[in-house]
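All of the numbers you see were taken from the coordinates with simple rules; none came from a lab. Computed from a prediction, not measured in an experiment: that's the story for all the values here. We place every Cβ from the backbone using ideal geometry, glycine too, and count neighbours over all the protein chains shown.
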Amino acid sequence: MMQATEYQRRDGIALADLIHKRDVAPVELMERAIEIGDGRATALNALCYVDREQAIDVARQAVPRGQFGALPFLLKDSGLASKTLPSSVGSRLFGAMRSPIDATLTKRFIDDGFISFGRTTVPEFCMAPTTEAIQNGGPTRNPWDETRSAGGSSGGAGVAVSTGVVPIAHGSDGGGSIRIPAACCGLYGLKPSRGLVPLGPSRGEAWGGLAADGVLTRTVRDTAAALDGVVGMELGAPYAAPAIPGSYREHLRQPFDRPLKIAMWRSAFEGIAVAADCIAAVAFTANLLASLGHEVVDAAPPPIKYGSFLRAHQDVLAASVTMTVNGMLRTRPDLDLRTCLEPALLDAYAIGKTLSAETYALAITRFHTIARQMEVYMADYDVVLTPTLTQLPAPLGTHSMETDFRTFRNAVGAYTTFLAIINASGQPAANVPVYWTEDGLPVGVQLIGRFGQEAGLLKVSAQLEEAAPWIERYDRQFQP
């Protein structure tokens, strides 16, 4: 029987190979995932809606399929529709919603061999860079420093992967929500191009086109393989990014036909401060890239009006909150929102009710302007290298929703300065965990690619992974 420590140290592809060769039974892996989840990950408050009995039953009867055979998996509590797992989106407003259908992405995960046995914790409505929702009964803690945040909104997913509950977990990203927890927890996390991964069938876009689904992993090849299983056009989708012919995973093995030209950003928009450790992480990565033969040049960011973008981002989020809350009120007009929403989102609801159609349209136009600015900027570069966050993983309570919405989001914007603009541009971007402080805290760097160019981004990430391996950097505090 496979031991928990053996399970923890392997990535998804390695475990899938064992399943396909019949060297290990799917139920053994599920038992290990639940064992680790019930221990370390539960102590860090990373999981919710775990259905142990059903998971064991499904795994016991599983016939290997897809790339991953019958691999334990976790869906983010983001509302991604699942017939088997409820979702609250981190809010008391919803409790435990049930869906009569699987989302297109959920179906693709199943077809590729993932068995979802629970969900991972999120902040309320997935609108924070830290996971501290009242609905979760307390904060989700960083396994590398329990006084700090695991990030958000895919904070529980970050903990689940970094503690070895699962090698791959679902995440979503509307303003950095895959890349933030990847940076905080020392993982690889790629936000795909807009329209590459399906969002339907219940919706065509989220947050004005900002949101994208993906995964958090410990290896680049796991992310590449996961993309192979889920990308592709969805009938009726409003957006479509080009996927490469063939396989992202196979593409990792192909050499670049020339050195890449990489722009390095050491400063943030409008004078926002960046911590010395975050700048050091960029410099370290730049040296690695240069040693791999690529050309890295110091460059200034494009002249994006960041303050205007923050306002536009806030307006779209507030409009989304109002739409969502009003949808609930139509069926539950008796709800007292003061007991259902945290203060910042209660304020966002009030703001959303006052926004004009013109304000919303101008916000979307601002996003489109940034998309053009970034693509024009990147005509001269293959990749952009930035810090992922402007500061080290935030101490718990730093980004509290116990304030008004705009104050809350302005503070978030100063922490995630390099992230949400790439949601506006729709480009792919990945956190790469190559740098750690002397105290053992991960410090992420971000690689940004041209629209639809996930393949190149994955390949240069794999080069960095080989030059500065991080797979052995996972939380080992679980005791069987």
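Structure data summary
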| read-out | value |
| --- | --- |
| Two-decimal Rg/Rh across the range 364-415, once Rg and the Kirkwood Rh are taken from alpha-carbon atoms | 1.12 |
| Descending Cα extents along the principal axes, the range 85-232, whole Å | 40, 36, 29 |
| Geometric extent, Cα atoms of the range 228-379 - Rg, Dmax (angstrom) | 21.7, 63 |
| Sites residue 23 and residue 270 - FRET efficiency at Förster radius 41 Å, r taken between beta-carbons, to 0.05 | 0.15 |
| Shape metrics for the chain, restricted to C-alpha atoms - Rg then Dmax, Å | 20.7, 63 |
| With eigenvalues of the C-alpha gyration tensor scaled by 5 and rooted, the range 235-281, Å | 33, 21, 11 |
| Order of 218, 92 under a 10 Å beta carbon neighbour criterion, fewest first | 92, 218 |
| Scattering profile of the range 200-280 at q = 0.16, 0.23, 0.25 Å⁻¹ [log10 I(q)/I(0), Debye over alpha-carbon scatterers] | -0.99, -1.10, -1.15 |
| Spin-label proximity, residue 258 to the range 353-389 - amide N less than 15 Å from point 7 Å beyond Cα toward beta carbon | 379-383 |
| Virtual spin-label span in nm between residue 328 and residue 410, 7 Å along Cα→Cβ | 2.7 nm |
| Estimated [θ] at 222 nm from DSSP helical runs (n ≥ 4, -39500 (n - 2.57)) normalised by residues in the chain, nearest 500 | -11500 deg cm²/dmol |
| The range 302-384 - convex hull of alpha carbons, volume per residue in Å³ | 119 Å³ |
| Magnitude of the charge dipole, the chain, Cβ model with Lys/Arg +1 and Asp/Glu -1, debye to 20 | 640 debye |
| Rounded to 5, percent antiparallel among DSSP beta bridges of the chain | 70 percent |
| Taking N as its residue count, the alpha carbon Rg of the range 326-426 over 2.2 N^0.38 Å | 1.39 |
| Those residues of the range 306-320 whose amide nitrogen sits under 17 Å from the label point placed on residue 372, 7 Å along Cα→Cβ | 306, 309 |
| Overall Cα dimensions of the range 154-300, principal axis frame, Å, largest first | 43, 36, 35 |
| Relative contact order %, the chain, counting alpha carbon pairs below 8 Å whose residues are six or more apart | 17 percent |
| Sequence of 378, 233, 127, 2 once ranked by neighbouring C-beta atoms within 10 Å, starting from the fewest | 233, 2, 378, 127 |
| Compactness index (Cα Rg / 2.2 N^0.38 Å), the range 148-203 | 1.14 |
| Quotient of C-alpha Rg and 2.2 N^0.38 Å, computed over the range 185-228 | 1.26 |
| Reachable lysines from residue 191, criterion Cα separation under 26 angstrom, eight or more residues apart if same chain | 76, 83, 107, 261, 305, 459 |
| Percentage, to the nearest whole number, of Cα pairs in the range 10-152 over 24 Å apart | 34 percent |
| Coordinate range along principal axes, alpha carbons of the range 393-434, Å, largest first | 32, 25, 12 |
| Shape parameters for the range 94-179, alpha-carbon atoms, Rg then Dmax in Å | 13.3, 39 |
| Peptides 12-19, 399-406 ordered by average Cβ neighbours within 10 Å, highest first | 12-19, 399-406 |
